[in-house]
1. So how strong a dipole does the chain carry about its Cα centre when Lys and Arg Cβ are +1 and Asp and Glu Cβ are -1, to the nearest 20 debye?
2. Which residues does the label zone of residue 69 cover in region 96-124, counting backbone N under 17 Å from a point 7 Å along Cα→Cβ?
3. Given axes a ≥ b ≥ c from the Cα gyration tensor, I'd like to know whether region 31-105 is rounded (a/c under 1.5), prolate (a/b larger than b/c) or oblate.
4. Given the Cα-Cα distance of residue 35 and residue 115 and 0.36 nm per residue of separation, how much length would full extension add, in nm?
5. Which helices, taking whole DSSP H runs in the chain, have alpha carbons extending 15 angstrom or more along the helix axis plus mean Kyte-Doolittle at least -0.5?
6. Excluding same-chain residues fewer than 8 positions from residue 85, which lysines have a Cα within less than 25 Å of its Cα?
7. Taking R0 as 25 Å, what FRET efficiency do you get between residue 130 and residue 53 from their Cβ-Cβ distance, rounded to the nearest 0.05?
8. Output the direction-averaged projected area (hull surface divided by four) of the convex hull of the alpha-carbon atoms of the chain, in nm².
Amino acid sequence: MTILLYIIIGVVILISVLALLAPKSYDVSRSIEIAKPKAMVFDNVKYLKKQQEWSPWSKKDPNMEKKFTGVDGEVGAISYWNGNKDVGEGEQEITRIIEGKRVEAELRFMKPFKSTSDSYLDLVELGNGKTKVTWGFKGENKFPMSIMMLFMNMDKAVGKDFEEGLLNLKSILEK
């Protein structure tokens with residue numbers, strides 16, 4: 001019985017130490033330069049339905065179920081998806097728009113893991129008809145998921161998808 005008690009205490013201490021060491025938040029972003037004026041680029045990133053055209057996840061499951069509610073391109077618009085294991089299930093709601101500059105949204109994932117993140121698309125005019133687009137998301141790692149983040153790199157997991165999406169956006173707009 002004493003050995004079992006020591007094992008339980010050891011496991012509790014190990015979990016506590018891992019929880020203390022685990023990253024408490026994440027912030028992943030990627031940027032690209034697009035040879036189009038900021039107004040034209042913003043007109044594409046502001047709308048949830050247009051985002052589907054360059055989203056890397058749309059390619060991962062072209063048959064995913066999609067639903068849109070609210071007025072697209074306005075605060076409160078929601079894009080819902082339910083797809084294969086590569087895209088999971090969730091929804092994105094536009095929470096803030098700074099016209100011509102920034103679109104913020106809340107991502108609510110239901111599958112494979114429940115979580116909430118804040119996403120954003122920032123635009124900066126570079127001159128000569130060029131625009132820098134930064135796409136990112138950030139959030140908090142809650143226990144016990146925070147311990148999993150010791151063994152998983154969110155930047156590596158999602159960064160490539162952001163790069164692919166931005167390259168898709170650039171390709172569409174620079175045609």
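1. On the way: 26 positive and 24 negative charges, 37 e Å.
Charge dipole of the chain: 180 debye, to the nearest 20.
2. Within reach of a label on residue 69: 106-111.
3. Details: a/c = 2.48, a/b = 1.43, b/c = 1.74.
It is oblate, given that a/c is not under 1.5 and a/b is not larger than b/c.
4. Between residue 35 and residue 115, full extension yields 25.3 nm more.
5. Numbers: long enough: 2-21 (29 Å, 3.05); 154-173 (28 Å, -0.02).
Correct list, ordered by number: 2-21, 154-173.
6. 49, 50, 59, 60, 66, 67, 111, 114, 138, 142, 156, 160
7. Values: r = 21 Å, r/R0 = 0.84.
Computed FRET efficiency for residue 130 and residue 53 comes out at 0.75.
8. Numbers: hull surface 47.8 nm².
For the chain, the mean projected area of the Cα convex hull comes to 11.9 nm².
The values are calculated or read from the model by the stated rules, or taken from the named source; none is laboratory data. Predicted, not measured: the structure shown is a model, and the values here were computed from it. Reconstructed Cβ throughout: ideal geometry from the backbone, glycine too, with neighbour counts over all protein chains shown. Note: areas computed on protein heavy atoms with side chains; ligands, DNA, RNA excluded. Shrake-Rupley method; radii C 1.70, N 1.55, O 1.52, S 1.80 Å.
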